[in-house]
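Participant: Submitted below is the structure of interest, expressed as structure tokens.
What follows draws every value from the coordinates through simple rules; no lab data is involved. Treat the numbers as computed from the prediction; the structure is a model and nothing was measured. Glycine gets a Cβ as well: all are built from the backbone with ideal geometry, and neighbour counts include every protein chain shown.
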Amino acid sequence: MAVEVYKEGAAEFHLPRSQHVFYNPRAKLGRDLGVLAMRVEAERLERPLEVLELMAGAGLRSKRYLTEAPVARMVVNDANYESFSVLQQHVGDDPRVELHNELAQRLLSRFYLEERRFDWVDLDPFGTPAPYVPFVQGVIRWEGLFYVTATDAPVLCGAQRGESLKSYDAVSALGRECHEFGLRILVGFLMRRLVQANMHAVPLFSVFDGYCWRVLLRVFKGTRGFSIENLGFIVQMPDGEYRTAMAGVPAPVNYEWNSSTTIRWVGPLWTGPLHDHAFLGAMFKAAREDYFEPTRRFIARLQKELDELPIVYNLSTLADRLDRSVPSTRAAIRFLRAQGYKASGVHHSGNSIRTDAPLQVVLKLWEQS
């Protein structure tokens with residue numbers, strides 16, 4: 001069988017030409033972020049990490065972790081037989097690696113019964129991570145890291161709202177802000193499942209990278225450190241304004257409209273901060289090699305983001321509504337800050353803004369142009 005050779009980071013991969021095993025360059029950013037976060041965590045712990053990768057595929061992430069990050073031991077698993085044969089070629093000779101070819105839930109259940117715990121658990125399924133999260137909860141060390149990927153864009157972006165209810169217990173919504181909604185739905189789902197298991201977590205970074213959603217959580221024992229105020233809904237009023245709301249709090253009122261038919265609810269979802277900026281700063285410093293330059297730029301965008309603001313407006317959507325041209329994001333941010341409001345860019349959308357300004361204030365931007 002013909003073999004393709006790829007190089008990413010400091011690792012080289014030999015992949016057969018196959019529809020089942022392939023190299024996805026769009027996932028490189030997620031692998032870069034994983035390597036850098038591992039470096040930061042190992043420095044914090046002052047020791048190499050014990051890692052569990054549940055769905056390794058052909059082993060691209062595994063090999064990069066082993067090559068570029070401080071790893072003491074890594075359990076690498078994939079249930080697909082064709083992928084597993086390539087996985088063995090990539091990492092099977094490394095003495096730090098323990099290879100498995102099992103269903104993820106079965107492996108996690110056994111590790112839970114054996115009381116095996118890991119500093120880093122990597123969950124990167126095809127589609128939603130929802131079926132695996134309850135099994136993962138029993139194998140993460142306290143203050144360990146849980147790196148979760150979701151690739152089910154039609155579900156999290158509102159094209160399949162019924163599936164969103166099934167997978168995430170949340171209503172998603174179509175629109176140009178859907179990637180933000182999807183990100184916060186994913187984080188909110190993970191938080192609720194951890195709390196139900198008498199655990200809680202803090203996001204270290206939460207991103208949509210143009211391909212999928214990736215969230216890195218630090219997991220803690222108990223629920224005392226969890227603020228229920230960070231779980232709620234985003235509500236779109238009849239005039240298009242977004243507001244946040246909490247369960248048990250009266251819905252926003254507009255007396256000229258029937259709230260049951262004209263107000264759109266999205267969620268429940270996470271309304272709190274998406275990133276730990278000190279952790280992101282340490283990741284930026286850990287990106288010493290030249291090949292991390294695009295990832296450094298991405299982290300710099302995350303650092304500038306006011307991620308504690310859950311309301312995002314897409315400037316193109318507003319411009320279409322007004323039948324006007326789209327202003328620059330920088331001009332919009334400057335205008336809102338001059339009015340005394342908070343505003344920043346959005347890492348996953350070049351023409352969107354985060355702000356605490358009411359929609360009517362945002363629309364005044366077009367009066368200035």
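Participant: Identify unpaired cysteines across the chain, taking unpaired to mean no other cysteine Cβ lies under 4.7 Å from the residue's Cβ.
Facilitator: Within the chain, the cysteines lacking a partner Cβ under 4.7 Å are CYS212.
Participant: Then there's this: Roughly how big is the chain's charge dipole about its Cα centre, with Cβ charges of +1 (Lys, Arg) and -1 (Asp, Glu), in debye to the nearest 20?
Facilitator: Around 580 debye, computed over the chain.
Participant: Okay, next question. Add -39500 (n - 2.57) for each DSSP H run of 4 or more in the chain, then divide by its residues: what number comes out at 222 nm, to the nearest 500 deg cm²/dmol?
Facilitator: Using -39500 (n - 2.57) per qualifying helix, the result is -10500 deg cm²/dmol.
Participant: Which part of the stretch 127-145 falls in the paramagnetic zone of LYS221, meaning amide N under 11 Å from the point 7 Å along Cα-to-beta-carbon?
Facilitator: Zone members listed by number: 142-143.
Participant: Could you run the Debye sum over the Cα atoms of the stretch 220-369, one equal point scatterer each and no solvent, and tell me log10 of I(q)/I(0) at q = 0.08 Å⁻¹, two decimals?
Facilitator: -0.30
Participant: Which whole-Hz ³J(HN,Hα) couplings does the stretch 344-349 yield from phi under the Karplus relation 6.51 cos²θ - 1.76 cosθ + 1.60, θ = phi - 60°, glycine and proline marked x?
Facilitator: Using θ = phi - 60°, the values come out as 7, x, 10, 4, 9, 8 Hz.
Participant: State the number of lysine pairs found in the chain whose Cα atoms come within less than 15 Å, restricting to pairs 8 or more positions apart or on distinct chains.
Facilitator: 4
Participant: Right, here's the next one. So for the stretch 1-132: antiparallel DSSP bridges make up what percent, rounded to the nearest 5?
Facilitator: Roughly 35 percent of the beta bridges in the stretch 1-132 run antiparallel, per DSSP.
Participant: Please return the longest stretch of the chain lacking exposed loop sites, where GluC sites (Glu not before Pro) count only if DSSP places them in a loop and at most 16 other Cβ atoms lie within 10 Å.
Facilitator: My reading of the result: 116-255 is the longest stretch.
Participant: Identify the chymotrypsin sites (Phe, Trp or Tyr not before Pro) of the stretch 102-143 meeting these criteria: DSSP loop state and at most 15 other C-beta atoms within 10 Å of the C-beta.
Facilitator: Within the stretch 102-143, the qualifying chymotrypsin sites (Phe, Trp or Tyr not before Pro) (loop, at most 15 other Cβ atoms within 10 Å) are PHE126.
Participant: Quick one: the Cα spread of the stretch 91-239 along its three principal axes, in angstroms, biggest first?
Facilitator: Principal axes ranked by extent give 60, 35, 24 Å for the Cα atoms.
Participant: Charges on Cβ only, +1 for Lys and Arg, -1 for Asp and Glu, centred on the Cα centroid of the stretch 311-369; of ALA319, VAL346, VAL362, which one is farthest towards the dipole's positive end?
Facilitator: In the stretch 311-369, that residue is VAL346.
Participant: Computed from the mean reciprocal separation of all distinct C-alpha pairs, what Kirkwood hydrodynamic radius does the stretch 130-179 have, in Å?
Facilitator: For the stretch 130-179, the Kirkwood estimate is 12.3 Å.
Participant: Here is a further query. Stick to the Cα atoms of the chain, pair each with every other, and give me the Kirkwood hydrodynamic radius in Å at one decimal.
Facilitator: Evaluated over the chain, this radius sits at 21.7 Å.
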